[in-house]
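In what follows, a structure is listed as structure tokens, so that the remarks can point back to it.
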Amino acid sequence: MAGLKPTLHHMNNSQSQRILWLLEELEIPYNLELHQRVEQRSPPELRQTHPLGKAPQLETGDGRVIAESVVIAKYLIETYDKAGKFRGDGNPKNDTLRDEQLCLLAASSLGPVMLVDLILLFASRMTPFFVRWLMALVHSQIRTQFSGPELDLYYRYLDDQLEGQDYFMGNTAPGRADFVLSYPVQQCIAVAMVDIKKYPRIEQWIARIHERPAWKRSLEKGNGYDLAFD
Ligand SMILES: N[C@@H](CCC(=O)N[C@@H](CS)C(=O)NCC(=O)O)C(=O)O
């Protein structure tokens, strides 16, 4: 399996940046297909490789196409990280259960709350000018009563998880949970959904990621990573 050359279908300004980053960290040969958003949506050609038509998609090289970032990251690490660099630092607390829990928190807990808030943000922008204030008011009420407190709960939890370590999976290198969490955390910051200053360990974690040569290379190889959507 490790002899296969995977192909990443990557789209600009999207969560597939985290998979591109992982591929660069793994330092393996891979093909990169760059796709461009069309009016914020994925382009039709992405439906030719997978019926969901979203990014990221990973062609494994043996006829299989994997969707879902969490699973793509799992596949890539299990297949190519033979030295175990991205599987935790050996501290028993940074084990596979923690990795799984943090990945699911990103995908099933934090992600949906972020999506609710993002949809309301888009709704405000799409509402005709003369009634936009009304949509903005609804958004503000929902943020005060629901998405704000929920995001704060998750961010405080995540900030605590970084106590005494540089990455969610330890001190030596990022693990799958770090790759997976990098997108929702950056997305919330990009649209000012959270005040990152309130979560100093997460702020330092993001800065640490941005300093990694593999992250920088992933930005150079990709086709843009602007999550502000303006
Ligand atoms: N749960 C999937 C979500 C994939 C997804 O929704 N990707 C977005 C990019 S951030 C997309 O392709 N959106 C365009 C569209 O749905 O038209 C994952 O984790 O990979």
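Worth a mention:
- Only one of Leu8, Leu32, Leu46 that is in contact (Cβ under 8 Å) with a residue 12 or more places away in the chain, in contact with a Leu (Cβ under 6 Å, 6 or more places away or on another chain), within 12 Å of the ligand (Cβ to nearest atom) and farther than 15 Å from Arg176 by Cβ: Leu8
- Residues (part of a loop (DSSP other than H, G, I, E, B) and without any contact (Cβ under 8 Å) to a residue 12 or more places away in the chain) located in the range 189-207: Ala192, Asp195
- Residue in the range 112-123 that is assigned by TED's automatic domain parsing to the domain that holds Gln187, assigned to a helix (DSSP H, G or I) and under 30 Å from Pro92 (Cβ atoms) present: no
- Consider the range 208-230 and keep the residues that are more than 14 Å from Ser16 (Cα to Cα) and assigned to a loop (DSSP other than H, G, I, E, B). The one that is farthest from the chain's Cα centre (by Cα) is Asp230.
- Total residues in the range 70-84 satisfying the condition of being touching a helix residue (DSSP H, G or I) at 6+ places or on another chain (Cβ under 6 Å) and within 9 Å of the ligand (Cβ to nearest atom): the figure is 2.
The values are calculated or read from the model by the stated rules, or taken from the named source; none is laboratory data. All values reported here derive from a predicted model rather than from experimental measurement. All Cβ positions, even for glycine, are placed from backbone atoms using ideal geometry, and neighbour counts span all protein chains on display.
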